[in-house]
1. Using a Förster radius of 35 Å, what is the FRET efficiency between residue 85 and residue 58 based on their Cβ-Cβ separation? Nearest 0.05, please.
2. Could you pull out every residue, at least 5 positions away or on a different chain, whose amide H is within less than 5 Å of the one on residue 66? Hs are placed 1.01 Å off N in the peptide plane, and Pro or chain starts have none.
3. Around residue 48, which amide H atoms from residues at least 5 apart in sequence, or from another chain, sit under 5 Å from its own amide H, with H modelled in the peptide plane?
4. What's the ranking of 50-57, 96-103, 79-86 by average number of surrounding C-beta atoms within 10 Å, highest first?
Amino acid sequence: MGQSLLVESEATAGNRPVLGGTSGPPRSGSKGGRGRRRPDRVKVTITLSEEVLEAVQALAEDRDTTMTEIFRQAITTEKYLHDAQKGGGKLLIEKGKTTREIVFR
């Protein structure tokens, strides 16, 4: 069974721990805390398998960032690749003398 994970922006996290293990008061100039959401950010709850959750946690730790940032980067990358492929582009992975095309469905 999957784990539920609340993805919360730093702006809405207040003094509670932010995903990825960091905590503390909102950054200078932000309006952290409940009820004061920035209009450009929303709170999302997702359900993940243990395997995916562990992968996201490992990426966040390896990159010294939050799990929230890992999700932002993954979605941005997926959108870029989707748009490139939709526009006729190809994603090629080159390793040594071998080149493979990666096809997303």
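Every number in this text was worked out from the coordinates using simple rules, so none of it is lab data. What you are looking at is a predicted structure, and each value in this text was computed from that prediction instead of being measured. Here the Cβ is made from the backbone with ideal geometry for all residues, glycine too, and neighbour counts use every protein chain on show.
1. Working: r = 27 Å, r/R0 = 0.77.
Efficiency, from the Cβ-Cβ distance: 0.85.
2. Distant-sequence amide H within range of residue 66: zero hits.
3. The list, which skips near neighbours in sequence, is 3, 4, 5.
4. Details: 50-57: 13.8, 96-103: 7.8, 79-86: 11.6.
Taking the mean over residues of other Cβ atoms within 10 Å, the ranking is 50-57, 79-86, 96-103.
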